[in-house]
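So the structure is just underneath, and the comments pick up after that.
The values are calculated or read from the model by the stated rules, or taken from the named source; none is laboratory data. A quick note: this is a predicted structure, and the numbers were derived from the prediction, not measured. Cβ placement follows ideal geometry from the backbone for every residue including glycine, while neighbour counts extend to all protein chains displayed.
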Amino acid sequence: MSHADPVLEIRNVAKQYGQITALTGVNIQMFAGEIVALLGDNGAGKSTLMNIMCGALPPSSGEVLVRGEPITSLHHAQEMGIGMVYQDLALAHHLTVAENMFLGRELRSSGLAGTLGWLDSARMDRKATEEIAHLGISTLRDVRMPVRLLSGGQRQVAAIARALMWSKAALLLDEPTAALGPKQVALVLETIKTIAAKGMAVCLIAHDIPSVLAIADRLIILRRGRIVRTLPAAGQTVTSVVSMMVGENDDAAAA
C-alpha cells in the first residue's frame, strides 16, 4: 500500500443545519488499498460525513477531493470513481443480480431491437459474471438468480459488486455487517478485504467493533462532529475503542 497520494481527501469539512453543528474541521486522507473505519457514538457525525464524502450532501465549508480534484455533486463523485453502499442496500429484490448491477445503466440490444427498447440480457449477464470474478467473489455463482433468493450476506456482496462495477477509486460502506449472522459477516468481511487488496480505498461505518478490528488498517474516532483520534487498528481492543468513542479517557484526564 503506497501512501504517496491520497485517493480520497476531506479538507476542513464542516456541516451546519441551521444552529446545529454536525461536523467541524474534519480532515481525512484515504489511500489505495487501505481500509478505514469511521467510529463514533450515535450523533457523532459519521453518516453526515459519509454522505458528504460520496457527494450526496454538500458541505457548509471545506471540500472533498478525489485524486486531487474537488467533487461537486453525487453524479460527479460517481464519475470520479466513488461508490456508496447504504445500509438498506437499495436492491430490487424481484430482479436478478446482473439486472441489479446494471440498474439504471442497462445495455440495449443492437439494431432495431435496441431501438425498440429491448435489453441485451446475455451481455449484461456476461459482464456481471466477469466483474464478480475479477473481484474474487466466489459466493455469487449465478448472476441470473433473483436477489430475493439470496442470503443476507450474499445481498450485501451483490450491492458491493454493483457499486464496484462503476467505481474504481474508493468504496464507502454504511454498516455493511448490520443484522447479519456470523457466517454472513465473515463473507462480507472477506469480500471487503479482497477489494482493498486489489487497490481500492475502502471506508466503512460500523458499530460491530470486533469486525472492524478484524479488517481495518486505521480507525478514525468521531465525537460531536469532530475527529478526536486517528490511529492504527492494530493493537486496539473493543474496550479501548469504546473508551475513545465515549470520551472516558478524556474525562479521566480532566479529573
Practice prompt. Please tell me if Ser167 is within 26 Å of Lys15 (Cα to Cα) and modelled with pLDDT under 90.
Written response: yes
I'd like to know if the stretch 71-78 contains one or more residues that are among the polar types (S, T, N, Q), under 30 Å from Pro59 (Cβ atoms) and out of contact with any strand residue (DSSP E or B) (no Cβ under 9 Å at 6 or more places or on another chain). yes
